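S.K.: One structure, as structure tokens, below. Some questions next.
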Amino acid sequence: DKGIEFLNKTLERIKENDVYFSNTHIALGHCYLAKEHYGKAKEHYNVALSSTITTKEEIKMANKSLKEIEKRRKGSGIGSFFSKITKKKK
């Protein structure tokens with residue numbers, strides 16, 4: 001929650017053409033994803049994707065994170081990931 005609060009305050013102080021704009025939105029998306037607030041996470045990833053100064057790496061990260069949201073919504077989240085790992089070890 002503190003991370004979300006800090007990142008929102010950061011966004012209040014920077015403009016869309018700031019080098020940290022997209023990265024801050026992606027970081028906020030990660031915070032919301034961790035809290036399973038998928039709508040808010042998706043919103044921030046999409047803001048980063050719509051910015052004209054988003055780097056290729058940031059685009060890659062935002063798209064990967066959006067795919068993770070869809071996986072989790074379909075029920076194949078981190079729990080499913082870990083169960084696959086443990087099954088392979090047997």
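The values are calculated or read from the model by the stated rules, or taken from the named source; none is laboratory data. Predicted, not measured: the structure shown is a model, and the values here were computed from it. Note that each Cβ is placed from the backbone with ideal geometry, even for glycine, and that neighbours are counted across all protein chains shown. Remember, those area values only see protein heavy atoms, side chains included, never the ligands or the DNA or RNA. Shrake-Rupley method; radii C 1.70, N 1.55, O 1.52, S 1.80 Å.
S.K.: Considering only residues that are hydroxyl-bearing (Ser, Thr, Tyr), open to solvent by 80 Å² or more (accessible area, probe 1.4 Å) and not in a helix (DSSP H, G or I), which ones fall in region 1-57?
M.R.: Answer for region 1-57, where residues must be hydroxyl-bearing (Ser, Thr, Tyr), open to solvent by 80 Å² or more (accessible area, probe 1.4 Å) and not in a helix (DSSP H, G or I): TYR20, THR52.
S.K.: Between a residue in region 1-20 that is of a type in the set (A, V, I, L, M) and any residue that is open to solvent by 90 Å² or more (accessible area, probe 1.4 Å) and in a loop (DSSP other than H, G, I, E, B), which pairs come within a Cβ distance under 9 Å, given they are 6 or more apart or on different chains?
M.R.: ILE14/TYR20
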